[in-house]
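Here is the structure we will look at, set down as structure tokens.
The values are calculated or read from the model by the stated rules, or taken from the named source; none is laboratory data. Just so it is clear, the model here is predicted, and its values are computed rather than measured. A quick note on method: Cβ atoms are made from the backbone with ideal geometry, for glycine too, and the neighbour counts reach across all protein chains shown. Just the protein is used for accessible areas: all its heavy atoms, side chains included, with ligands, DNA and RNA removed. Shrake-Rupley method; radii C 1.70, N 1.55, O 1.52, S 1.80 Å.
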Amino acid sequence: MDNAFIAKWFSWDHRMPLKWHRAINRFLRYSRVGAQLNPASFRWGGMANIEARMNLFHLASQCAEFKVPGDFVEIGCNVGESSVCLQHIVNTLAPEKNIHFFDSFEGVPETTGKDAELHVYGKGDMSTSLFAFYDTFRRAGLAQPEHVHQGWFEETIPQYLPEKISFALLDGDLYSSTNHVLPHLYDRMSPGAVCMLGVYYDDTVLSRPHTIPQYKSPGVKMATDEFFAGKAEKVSVLYAGEYSNGYFRKR
Ligand SMILES: C[S@@+](CC[C@H](N)C(=O)[O-])C[C@H]1O[C@@H](n2cnc3c(N)ncnc32)[C@H](O)[C@@H]1O
């Protein structure tokens, strides 16, 4: 399966400086300004960059191609940019699989406990709408998805999770969201299934001192590492610039 659809959807092909950028860049170089202009990388806004989407493509397409038993789930889908990538992969490689999408579409809930202490997110951050989510599918030329579960994860999970999971994208940003969802996902993942963890930022593997706290979402690693203490699986970091993620494969 080609992955060029990601480059097209995220306008990566247009990342080379355009003619007028190059003219200004020549002036900046001449003036010894250590910066240059580039076109924006996203056509639709952007919760990730092309590297993060390519990582998603490789992990999800393996599970689809090798028929790891179960359905696909995405927990935290926002406007659906990652969702359309997953849908395209399933349509092409494993059309017998369902995809279940979960989000409040109202952003993150009120922060309490560790999330409140971390002070990275506040209630309603990343708020969007169900309309925007469906519209992303329409713009990608995909049919409207069937299994969309709107609500707080604490209310929709595990109730609406499929019995068996082949691939999961867990992208909830908070300690509380990760802490609630991860054990349920883990229990239902088939051997060989993969879970990609949005914003699993590990300073010891890849330090990014200048990256803003939202791109590090420290609660994700905290909850994930607590969960995996003593388990056979290991979480690996996936380089994707400021949007680096993590993943594990179920034994
Ligand atoms: C980073 S965004 C997801 C981005 C998307 N996966 C992508 O790559 O384009 C995180 C999403 O998780 C949702 N979220 C976080 N905690 C939640 C909770 N407890 N219940 C419902 N939604 C939650 C937010 O509404 C937000 O849309």
For segment 16-105, listing chymotrypsin sites (Phe, Trp or Tyr not before Pro) in a DSSP loop whose Cβ sees at most 14 other Cβ atoms within 10 Å gives Phe66
Suppose every Lys and Arg Cβ carries +1 and every Asp and Glu Cβ carries -1, with no other charges. What dipole size does segment 107-212 come out with about its Cα centre, to the nearest 20 debye? 320 debye
Could you give the C-alpha radius of gyration of the chain expressed as a fraction of 2.2 N^0.38 Å, taking N as the number of residues it contains? 1.04
For the chain, modelled as a Gaussian network with Cα springs under 10 Å, which listed residue fluctuates most, Pro17, Pro158, Pro145? Pro17
Which value, in Å² rounded to 10, gives the accessible area of Tyr175 with a 1.4 Å probe and all protein chains present? 30 Å²
Quick one: grab the alpha carbon gyration tensor of segment 105-187, order the square roots of its eigenvalues as a ≥ b ≥ c, and give me rounded if a/c is under 1.5, else prolate or oblate depending on whether a/b is larger than b/c. oblate
Give the cross-link partners of Lys221 among the lysines, using a straight C-alpha distance below 28 Å as the criterion and excluding same-chain residues fewer than 8 apart. Lys114, Lys123, Lys164, Lys231, Lys234, Lys250
Counting DSSP beta bridges with both ends in the chain, the antiparallel % (nearest 5): 25 percent
Return the single residue from Ser236, Ser61, Ser207 with maximal mean-square fluctuation; model: Gaussian network over the chain, springs between Cα atoms under 10 Å. Ser207
Among Phe153, Ser129, Leu18, the residue whose Cα sits farthest towards the positive end of the charge dipole of the chain (+1 at Cβ of Lys and Arg, -1 at Cβ of Asp and Glu, taken about the Cα centre) is Leu18
Comparing Asp225, Asp115, Asp171 in a Gaussian network model of the chain (Cα, 10 Å), the one with the largest mean-square fluctuation is Asp225
Farthest toward the dipole's positive end in the chain, which of Ser61, Ala223, His180, given Cβ charges of +1 (Lys, Arg) and -1 (Asp, Glu) about the Cα centre? Ser61
About the Cα centre of the chain, what is the dipole size in debye to 20, counting +1 per Lys and Arg Cβ and -1 per Asp and Glu Cβ, all else neutral? 1300 debye
